[in-house]
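**Student:** Could you have a look at this structure, given as structure tokens, before my questions?
The values are calculated or read from the model by the stated rules, or taken from the named source; none is laboratory data. Remember, it's a predicted structure, so these values are computed and weren't measured experimentally. So basically every Cβ, Gly included, is an ideal-geometry build from the backbone, and we count neighbours across all protein chains shown. For accessibility, only protein heavy atoms count, side chains too; no ligands or nucleic acids. Shrake-Rupley method; radii C 1.70, N 1.55, O 1.52, S 1.80 Å.
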Amino acid sequence: GELGSALKTIVDEFQKSESGTVASGGGKSRLSSIADIQRFMENYPDFKKQQGMVAKHVALTSELSAVVDARNLLDLSELEQELACEESLTDSFDRVETFLADPKVLQDDKLRLVALYSLRYQMEGERETRFLERSLQDSGLDKEKIKAIALLRKISGVAVRGSDIFNKRTVMGAAKGIVRRQMEGVKGVSNVLTRYEPLLASRLAALKMGGIGALRESEFKVLGGSASNRASARPQQIVVFIVGGATYAEARCIAEFNRDNATRGMRAVLGCNVMHTTASYLEDILRSSPQELETS
């Protein structure tokens, strides 16, 4: 998406530069005078540098495109966004089951789908989740990896989550989900693969609109200062540190916040002890919970 658009811009600029140096028709040079030759020689190093840069970007994008096609990542990512943003137990189950039967989909990608499904439909989809876990086992996935799904529910499930990340536990959460879907239908979505917003996005929005007082004290303690100071404080420099690891979705959230609030003078910085992918996070869970594995 964005990478392809950026590459097109680079290629277009290079083509303009190239057409300004060499005639486009018949391969004939525009070097018709000593001044033309001198100008060409002065610009030649920059021309060659730009040519090499374009060639490297095209080669890299071609390789990435091949990986995306081989692993069916566009359709896979679209389903992940639907699992995170939409409520459809049966349809989601059918689509996940289809991907589990697809030989093009890697085992770790299948594991990620089932883990996300089990979190989304932990209460009402217990039977379906067990079926999907058996499908993972039948496909040859390591049993130890499959146990990470149950561990994920124990440490991140409904009983221990402090926030309604799927907008389904409360009336207000359900209303937010309905409004979001209606707004998507009216104005569209800029990128179907980035529909889900991390919880961090709503926290930053609250800080921007209402200051520190907009954050719940039960979730965010304040050191020093009175209650009145807390209610009125509107920080311009925000440091977000996520213990246990952050994701690239949260890094994107910080970048977009900084871009949208540059004129306000507000800026946020993200800190963490590790940048997690799905694979690293599930490995972390399995490493840190050996006693849970024995009783699972």
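**Student:** Taking amide H positions as placed in the peptide plane 1.01 Å from N, state which residues far from Ile238 in sequence (5 or more) or on other chains have amide H under 5 Å from it.
**Tutor:** Arg267, Ala268, Val269
**Student:** Further question on the same structure: Taking the Cα of Phe241, stepping 7 Å toward and past its beta carbon, and measuring to each backbone N in the stretch 266-285: which are under 19 Å?
**Tutor:** Flagged as within label range: 267-276.
**Student:** I need the calculated FRET efficiency for the pair Ser163 and Arg234, taking r as the beta carbon distance and R₀ as 25 Å, to the nearest 0.05.
**Tutor:** Working: r = 23 Å, r/R0 = 0.90.
So, using R0 = 25 Å, E works out to roughly 0.65.
**Student:** Oh, and also: State, to one decimal in nm, how far the label point of Val269 lies from the label point of Met123, with both points 7 Å from Cα in the Cβ direction.
**Tutor:** 4.1
**Student:** With every protein chain in place, what's the accessible area of Phe241 (1.4 Å probe, Å², nearest 10)?
**Tutor:** 120
**Student:** Sort Ser92, Ser65 by heavy-atom solvent-accessible area, probe 1.4 angstrom, most to least. Could the numbers behind the result be given before it?
**Tutor:** On the way: Ser92 10, Ser65 55 Å².
Most to least solvent-accessible, the answer reads Ser65, Ser92.
**Student:** How far is it, in nm, from the label point at Gln51 to the one at Asp284 when both lie 7 Å from their Cα along the line to the Cβ?
**Tutor:** About 4.7 nm separates the two model spin labels.
**Student:** How many nm separate the modelled label positions at Ala251 and Ala59, each set 7 Å beyond the Cα in the direction of the Cβ?
**Tutor:** 2.4
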